[in-house]
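One structure below.
The values are calculated or read from the model by the stated rules, or taken from the named source; none is laboratory data. Quick caveat: nothing in here was measured; it's all calculated off a predicted structure. Virtual Cβ from ideal backbone geometry, glycine too; neighbours counted across all protein chains shown. Please note that ligands, DNA and RNA were not included when accessible areas were found on the heavy atoms of the full protein model with its side chains. Shrake-Rupley method; radii C 1.70, N 1.55, O 1.52, S 1.80 Å.
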Amino acid sequence: MNVPCAQFTTLGIGGSARYFVRAETEDAVIRGLEFAEENKLPVFILGGGSNVLIADAGFEGLVLQIALRGIEMSEPPAVAGGLTWVNEISDGPNTRLQPPATAGGSDFVTARAGEDWDGFVTYCVENDLAGVECLSGIPGFVGGTPVQNVGAYGQEVAETIVSVRCFDRRTKKIVALANADCGFSYRTSIFNSSERDRYVVLSVTLALEKGGEPKVSYKDLIEQFGYRRPTLNEVRDAVLRIRRSKSMVIDPNDPNSRSAGSFFKNPIVSRRYLAELQTKFEHIPFFEFGEAVKIPAAWLIENAGFQKGFARGNARISTNHTLAIVNRGATAAEVVALMTEIQHGVETKFGILLQPEPVMIGF
């Protein structure tokens, strides 16, 4: 009872949880949820704590940390006893899961939710499995990656996820959701939107390409490798160098890495609104995003007057990366105050309200 939570987060901020359970088995996950339901307690599902801000007052409920471990090569997903397969082309249970069309010649790898994500990427690269190499250095656990559709340097987990095994808190059953049922879009899935708090991720199965070419679509990677085809290891090393230069790899010796990573999402705006902004501001960078465009949040923040190192109290924008808010002895309230000031500044100048990436707990 009353377990301090700051120790479980990369920001190192937050009060205590009234109850805390570290679940190393699926049975422990289910029993923890049953305890919370019997005692009418709110539940927060914690992974690696890399994308969360916990209030100074803590959490008056159960914090359930998913610590399931294991990585294995697996067969293409198929019906297994006791599982209900959910698929958008299915009219009922026990329908064979349909992997993405791109998975035809793939190797399937299943990682349990409590595996360290970068450790999983290392495993894949060492086994010459392409598909997640650009996601190197991202802190957190495997179970959190489908929730936010984690992406970086031109790659997203949605590109390779075949299925997500979950405990369904509504039906009290273990289910497997196909890629198409997860509702993946930019930093979004059903797990953090339409079905928020319904599913607890237990494991993730990905389709990766043995001996496949690494993905080199990010500007810095293209500039580094040019027309040469790099190896998976070379791409991983390059991504790690870039992330370290921005203090986006957890390093106890780098105070700028004491953060929750990118604190704001890159906003998506209509082409019409971009055209309006371009009449007022020159050289606005943007990226194509379907029928809309995506404007870098870092550019908006800097051009709203918030430079690297800008501080309010003990919360500071990283001196190496404009999108990261760093804890230098800050309270959660100070982080929120800086977040709010940045949001207000950007909205006042550009008419765009930046959305935070971290999950806010206990506020």
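Yes or no, residue by residue, for (1) closer than 15 Å to residue 358 by Cβ; (2) at pLDDT 95 or above:
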position: 260; (1), (2): yes, no
position: 267; (1), (2): no, yes
position: 273; (1), (2): no, yes
position: 284; (1), (2): no, yes
position: 287; (1), (2): no, no
position: 293; (1), (2): no, yes
position: 314; (1), (2): no, yes
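Look through 254, 181, 237 and report the one residue that is acidic (Asp, Glu) and modelled with pLDDT under 95. Every option except 254 fails the conditions.
Of all residues in the range 265-288, those satisfying the criterion of being among the aromatic types (Phe, Trp, Tyr) and in contact with a strand residue (DSSP E or B) (Cβ under 6 Å, 6 or more places away or on another chain) are 286, 287. Being aromatic (Phe, Trp, Tyr), surrounded by fewer than 24 Cβ atoms within 10 Å (Cβ to Cβ), outside any loop (DSSP other than H, G, I, E, B) and out of contact with any Pro (no Cβ under 9 Å at 6 or more places or on another chain) is a condition met by at least one residue of the range 149-170.
Residues are listed down the side, and each one gets a yes or a no for (1) more than 30 Å from residue 124 (Cα to Cα); (2) open to solvent by 50 Å² or more (accessible area, probe 1.4 Å):
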{"position": "241", "(1), (2)": "no, yes"}
{"position": "244", "(1), (2)": "no, yes"}
{"position": "247", "(1), (2)": "no, no"}
{"position": "253", "(1), (2)": "no, yes"}
{"position": "258", "(1), (2)": "no, yes"}
{"position": "262", "(1), (2)": "no, no"}
{"position": "279", "(1), (2)": "yes, yes"}
{"position": "283", "(1), (2)": "yes, yes"}
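Just one residue in the set 354, 300 is out of contact with any strand residue (DSSP E or B) (no Cβ under 8 Å at 6 or more places or on another chain), over 21 Å from residue 10 (Cα atoms) and open to solvent by less than 20 Å² (accessible area, probe 1.4 Å); that residue is 300.
Is it fair to say residue 138 is of a type in the set (A, V, I, L, M), surrounded by 23 or more Cβ atoms within 10 Å (Cβ to Cβ), in contact with a Gly (Cβ under 9 Å, 6 or more places away or on another chain) and under 24 Å from residue 297 (Cα atoms)?
yes
Of the listed requirements (1) surrounded by fewer than 20 Cβ atoms within 10 Å (Cβ to Cβ); (2) over 17 Å from residue 112 (Cα atoms), residue 174 misses just one: (2). Note on the range 232-278: residues that are over 24 Å from residue 221 (Cα atoms) and of a type in the set (Ser, Thr, Tyr) total 3. Note on the range 1-19: residues that are open to solvent by 50 Å² or more (accessible area, probe 1.4 Å) and in contact with a Pro (Cβ under 9 Å, 6 or more places away or on another chain) amount to 0.
Scanning the range 144-181 for residues that are in contact (Cβ under 8 Å) with a residue 60 or more places away in the chain and closer than 17 Å to residue 260 by Cβ yields a total of 3.
Close Cβ contacts (under 6 Å, 6 or more residues apart or on different chains) running from residues in the range 28-49 that are assigned to a helix (DSSP H, G or I) to residues that are open to solvent by 20 Å² or more (accessible area, probe 1.4 Å) comprise 32/21; 36/43.
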